[in-house]
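In what follows, a structure is listed as structure tokens, so that the remarks can point back to it.
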Amino acid sequence: MTAVTARPRAVRDPIRLPVPRAVRLALLVAHVVATAAWIGLDVALAVLVFVPMLEPSWTAACHQVLPLLFWPLLTVAVLSLLSGVALGLVTRWGLVRYWWVAIKLVLNLVLVTLVVVLLGPGLDDAGRHGRALAAGVPDAVEVPRLFMPPSVSVTLLVLATGLSVWKPRGRVRRTR
Ligand code: HEM
């Protein structure tokens, strides 16, 4: 007698919005490009933050450039979130069906919030400090130490990339 093995529920009856394969692939490309651009911008941020620590004569130039990174960073972070959510809805992975997707959703939301609430004002202060230094005007603004944002963000994004490639099987909740 042949043993009957149950197929995983996600394979048996995936709940997903039906879209053509080309759309799924386009979303995946957009998602990977957005997350890669996000990591790239974080590396640029890290360079502009760490160079003045090693070579103080670069402080004015680097700090004046820093605020320019805010909108590109926010744009790719939101694009990563939107394309990720869309992928979750149109693939068998769902949004909160598997731990690896749920964890990325939380990470992405936390990082977008941090960009808006903490990084944005910090970059503005750094820009003001850089302009004052360049003009030789004393500036009372204490420049926030900005080495944490790129370090934390790059670490979490690399972790999210690892999870995405590994796609561990663990599910958030078994329905039956
Ligand atoms: C936190 C930042 C994120 C990074 C760095 C990231 C990275 C990636 C990468 C590199 C892939 C391609 C993996 C592969 O094809 O082998 C991927 C796929 C995927 N991501 Fe993300 N992601 C992020 C956020 C999100 C969010 C917020 C969601 C949804 C809530 C999400 C849902 C997905 C899904 C469902 C796939 C698989 C698509 C498929 O295989 O068809 N991601 N992600």
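The values are calculated or read from the model by the stated rules, or taken from the named source; none is laboratory data. Not measured: the values here are computed from a predicted model. Here the Cβ positions follow ideal geometry from the backbone for every residue, glycine too, while neighbour counts run over all protein chains shown. Quick note on the areas: whole protein, heavy atoms, side chains included, nothing else; ligands and nucleic acids left out. Shrake-Rupley method; radii C 1.70, N 1.55, O 1.52, S 1.80 Å.
Using Cα pairs under 8 angstrom and six or more residues apart, how large is the relative contact order of the chain, in percent? Kindly include the intermediate steps, with their values, before the conclusion.
On the way: 175 pairs, mean separation 50.9, N = 176.
29 percent.
Normalising by the residue count of region 84-148, find the relative contact order in percent from Cα pairs under 8 Å and 6+ residues apart.
Details: 30 pairs, mean separation 12.5, N = 65.
In percent, rounded to a whole number, it is 19.
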Q | Cα-based helix-to-principal-axis angle, 70-90 vs the chain, degrees rounded to 10 | A | 0 degrees
Q. Quick one: with all protein chains in place, what share of the accessible area of region 18-166 is carbon or sulfur, to the nearest percent (1.4 Å probe)?
A. 77 percent
(Q) Keeping every protein chain present and rolling a 1.4 Å probe, give me the accessible area per residue for the chain in Å². (A) 62 Å²
Q: For helix 21-54, report the angle its Cα long axis makes with the longest principal axis of the Cα atoms of the chain; keep it between 0 and 90° and round to the nearest 10°.
A: 30 degrees
(Q) Between I15 and I103, how high is the FRET efficiency from 1/(1 + (r/R0)^6) when r is the Cβ-Cβ distance and R₀ = 25 Å? Nearest 0.05. (A) 0.80
